[in-house]
1. Evaluate the stretch 130-148: report whether one residue or more is in contact with an Asp or Glu (Cβ under 8 Å, 6 or more places away or on another chain) and assigned to a helix (DSSP H, G or I).
2. Is there any pair linking a residue in the stretch 276-298 that is farther than 24 Å from Ser57 by Cα to one that is open to solvent by 40 Å² or more (accessible area, probe 1.4 Å) and at pLDDT 85 or above, with Cβ under 7 Å and at least six apart or on different chains, and which?
3. Those residues that are farther than 22 Å from Leu175 by Cβ and either out of contact with any Phe, Trp or Tyr (no Cβ under 8 Å at 6 or more places or on another chain) or open to solvent by less than 70 Å² (accessible area, probe 1.4 Å) (or both), I need them from the stretch 89-98; list them, please.
4. For the structure I just gave you, tell me whether Val101 is buried (at least 20 other Cβ atoms within 10 Å of the Cβ) and within 15 Å of Ser228 (Cα to Cα).
5. Out of the stretch 183-225, which residues are within 23 Å of Val250 (Cβ to Cβ), hydrophobic (A, V, I, L, M, F, W, C) and free of Cβ contacts under 8 Å to residues at least 60 places away in the same chain?
6. Can you tell me which residue within the stretch 226-246, out of those that are in a loop (DSSP other than H, G, I, E, B) and not small (Gly, Ala, Ser), is least open to solvent (accessible area, probe 1.4 Å)?
7. Report every pair of residues separated by at least 6 positions or lying on different chains whose Cβ atoms are under 9 Å apart, first residue within the stretch 131-142 and in contact (Cβ under 8 Å) with a residue 24 or more places away in the chain, second open to solvent by 80 Å² or more (accessible area, probe 1.4 Å) and among the acidic types (Asp, Glu).
8. What are the residues in the stretch 247-263 that are open to solvent by 10 Å² or more (accessible area, probe 1.4 Å) and acidic (Asp, Glu), if any?
Amino acid sequence: MSGENRNVKSIGRYLGEHTILVALLVMWALLFVSTDRFRSMDNFLSILQEASFIGISGLGMTFCIITGGLDLSSGSLIALLAVVNMLLLRATDSFLAIPVVLLLGALLGAFNGLLVSKVRIPAFITTLATFYIFRALAYIITGGDPVTYNAAWFIWLGNGSILGVPFSFLLMIVLAIVAHLILRRTQIGRSVVALGNSPEAARISGLNNDRATIFAFLMVGLTVAISSVLLSSRLWSANPRMLDGYEFRVITAVVLGGTALEGGKGSIFNTVIASIFYCSISNAMTLYRVDSYVISIVTGIILLLAFSLNPIKQILDERNNKKAVARSKAVSGGAK
C-alpha cells in the first residue's frame with residue numbers, strides 16, 4: 001500500500017472516529033454564513049461557557065457509560081450539591097466549603113456504585129431511586145427556597161475568564177486531559193473499558209469489576225460536584241428545582257460523542273466536542289428566536305438521534321467487516 005493511500009485511510013479513520021467534530025465544524029460554518037449574530041466573539045465564548053457545565057459532568061458520565069452503566073441521578077445530585085455548597089459558603093464564608101462539596105459528590109457517586117456492584121441492583125433502578133432521593137433531600141434542606149451567596153471570588157468561578165477565555169471552559173479542558181489519561185493510561189481506566197467490553201472476560205483476567213464500577217460512578221459524582229459549584233457561581237444562587245432534566249442533556253452529549261451505550265467504547269475528546277455541539281444548537285435556536293416548545297421538540301429529536309447513532313454505526317461496521325472477510329477469502333482463494 002502506498003504512503004498516499006495510507007494517509008487517506010488514516011484521515012478517513014480519524015474522521016470516522018470523530019464524526020461529531022466534523023458535524024460541529026459544518027454547523028458552525030453554516031451558522032457563520034447565515035447570521036452575523038453568531039459570528040461575534042462574545043457569542044462563541046458564551047457557547048464555550050455553557051458547554052463547560054454539561055461537558056464537565058459528561059466526563060464522569062463517559063466513564064459510567066463505558067462500563068455499560070447509566071446514571072440518571074446526576075440532575076438531582078447537582079441540585080443537592082449546589083444548595084449544600086451555597087449553604088456551606090454562607091455559613092463559613094470560606095473557600096474550604098468547596099472541597100467538602102467535591103468530597104460529598106464523590107461519596108454519593110460511590111454510593112450509587114456500591115449499590116450497583118455489591119448489592120447488585122441494576123444501574124437504571126439504583127440511579128432512578130437516588131434521582132428522587134437527592135432531589136427530595138435538596139427540598140428538605142432548603143424548605144424549597146433558593147439560597148444565595150455573592151462573594152466576588154466565588155462569582156468569578158462561574159463568570160470569570162482568563163485572557164478572555166471563560167475559566168469554566170479552561171477548567172473543562174484541564175479536567176478532560178486528566179480524565180483521558182486516567183481512562184487510557186491507568187490500570188483503573190483499562191479496567192473500566194474491559195468491564196464494558198466483557199465483564200466475564202475482565203473477571204477471568206483478574207480485574208476487579210466491582211472496583212471499576214464504583215470508580216466510574218464516583219467519577220460521575222465528582223464531576224457533577226464540580227459542575228454544581230460552577231453553576232451555582234454562575235447564577236449566584238441555587239435552589240432544589242434547578243436543572244430539571246440536566247441528566248438527559250449530559251447523557252445526550254456523551255452518546256453524541258460516540259460513547260457506546262452497551263459499554264466498552266468511549267472518547268473523552270468526543271464528549272467535550274459533543275457538549276459544544278449540543279450548546280451550539282441551543283444557541284442557534286435562541287438566536288433565531290425559535291419558540292421554546294419547538295426547542296423542546298428539537299431537543300427530543302437530538303436525543304433520539306444520539307441513541308440511534310450507535311446501533312446504525314454498529315450495523316455499518318458489521319457490514320464492512322463481512323465485506324473485508326469476503327475480500328480476504330477471495331484473495332486467499334485466488335492465491336491458491
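The values are calculated or read from the model by the stated rules, or taken from the named source; none is laboratory data. Not measured: the values here are computed from a predicted model. In this analysis, Cβ positions are derived from the backbone assuming ideal geometry, glycine residues included, and neighbour counts consider all displayed protein chains. Calculation scope for accessible area: heavy atoms of the full protein, side chains included, ligands and nucleic acids excluded. Shrake-Rupley method; radii C 1.70, N 1.55, O 1.52, S 1.80 Å.
1. Within the stretch 130-148, one or more residues are in contact with an Asp or Glu (Cβ under 8 Å, 6 or more places away or on another chain) and assigned to a helix (DSSP H, G or I).
2. From residues that are farther than 24 Å from Ser57 by Cα, the pairs are Leu287/Arg37.
3. Of the residues in the stretch 89-98, the ones farther than 22 Å from Leu175 by Cβ are 90-94.
Correct list: Ala91, Thr92, Asp93, Ser94.
4. yes
5. If the condition is that a residue be within 23 Å of Val250 (Cβ to Cβ), hydrophobic (A, V, I, L, M, F, W, C) and free of Cβ contacts under 8 Å to residues at least 60 places away in the same chain, then Ile188 is the only one that fits.
6. The qualifying residue least open to solvent (accessible area, probe 1.4 Å) is Pro240.
7. That search, which allows pairs on different chains as well, returns Arg135/Asp244.
8. The one that is open to solvent by 10 Å² or more (accessible area, probe 1.4 Å) and acidic (Asp, Glu): Glu262.
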